[in-house]
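Rule-based calculations on the coordinates, nothing more; no lab input. Keep in mind that what you see is a predicted model, and the values were worked out from it rather than measured. Methodologically, a virtual Cβ is constructed for each residue, glycine included, from the backbone with ideal geometry; neighbour enumeration extends over all protein chains shown.
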Amino acid sequence: MFAVVAFLIFVLLQIPAAWLIAKFYKNNQVLHNVSGNIWHGQADWQTGKLRGTVLWTTRPLDLLLLRAGANLEIYSANTKLEGVLAYGFGKKIMVRDLNGKIAPETLKSLANWQWPSNAIQLQEIDFNYKKEQGFDQVDGGIQWAGGELMYIFTQRPQQMQIPSLAGRLSQEQNKLMVDLRDQRQQKLMNLTIDPSLMLDVQLTQRLMLNVPSYQGKAGLDSYVVSSRQPLLSGGF
């Protein structure tokens, strides 16, 4: 019996990926130039202003855990991400061992600013996400060497010298949180993603002192600037 099941899985994995997408994803506007099969393949992708290439290798043993999983490599200009993505029972999304870098060109497609030349580094990021229930099993780190950021605020060009940042991912009340600090472990920024995938950004007085035009006064650890917006907006 096990041999029959293994054979059927093997046959299924040989199905051409392009045929499968055309059959079950008829309104596909994201994936193009699909090659390979379910087991191993690649495709060009585009969503909003972002475009790139994705390579996958299926993890058949994940089926024994009632989930579909694959090792992924995602490229977009100088951005490169690699890790494990799985979709499990109960519509749960699982990300494991996500590593890589997000290049300035990718950040520019999300917000049309002049970003520092240093990429954001992602290190061993793990999390589970389920719609309406939020995040759990969150772990991993982020590092950014920072640099000069030019942006528009109240229709006027602004400049900020961003210091080197490092942060750990955690969870609180089903939210994914990133506490970003400087090399002295002093608070600079807090990012929060809630179950509805809304992103809250909070900047401390300490970070805002790097903006020459900023005149506000508060305790250095106080959050003095905040914003809230959909995470999957703009280029995504």
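Given the -39500 (n - 2.57) contribution per DSSP H run of 4+ residues, what per-residue ellipticity at 222 nm results for the chain, rounded to the nearest 500 deg cm²/dmol?
Only helices count here, giving -3500 deg cm²/dmol.
Under a no-solvent Debye model with one identical scatterer per Cα of the stretch 169-236, what's log10 I(q)/I(0) at q = 0.16 Å⁻¹?
-0.62
Enter the angle in degrees (range 0 to 90, nearest 10) between the Cα long axis of helix 2-13 and the first principal axis of the Cα atoms of the chain, meaning the one along which they spread out most.
Taking Cα atoms only, the helix is inclined about 60 degrees.
Within 10 Å, count the other beta carbons around each residue, average over each peptide in 64-73, 161-170, and list them highest first.
Averaged packing, sorted descending, gives the order 161-170, 64-73.
Say each of Asp221 and Gln159 gets a label point 7 Å from the Cα, pointing the same way as Cα to Cβ; how far apart are those two points in nm?
3.2
Dividing the convex hull volume of the alpha carbon atoms of the stretch 126-186 by its residue count, what do you get in Å³ per residue?
Working: hull volume 7.9 nm³, N = 61.
Given the Cα convex hull of the stretch 126-186, per-residue volume reads 129 Å³.
Just checking my list (1) 71, 34, 28; (2) 79, 43, 37; (3) 51, 34, 34 against Cα extents along the principal axes in Å computed from this structure; which label fits?
(1)
Full extension from Arg168 to Asn27: what is 0.36 nm times the residue separation minus their Cα-Cα distance, to one decimal in nm?
Result for the pair: 47.0 nm of gain on full extension.
For the chain, what is the relative contact order in percent, using Cα pairs closer than 8 Å and at least 6 residues apart in sequence? Working shown, then result.
Numbers: 540 pairs, mean separation 24.9, N = 236.
That works out to 11 percent.
If you stretched the chain out fully between Gln183 and Met198, how much longer would it get, using 0.36 nm times the residue separation minus the C-alpha to C-alpha distance?
Using 0.36 nm per residue and subtracting the Cα-Cα distance, I get 2.6 nm.
Cut-off 17 Å, label point 7 angstrom out along Cα-to-Cβ of Gln121: give me the residues of the stretch 155-199 whose amide nitrogen falls inside.
Counting backbone N atoms under 17 Å from the label point, the list is 163-169, 180-185.
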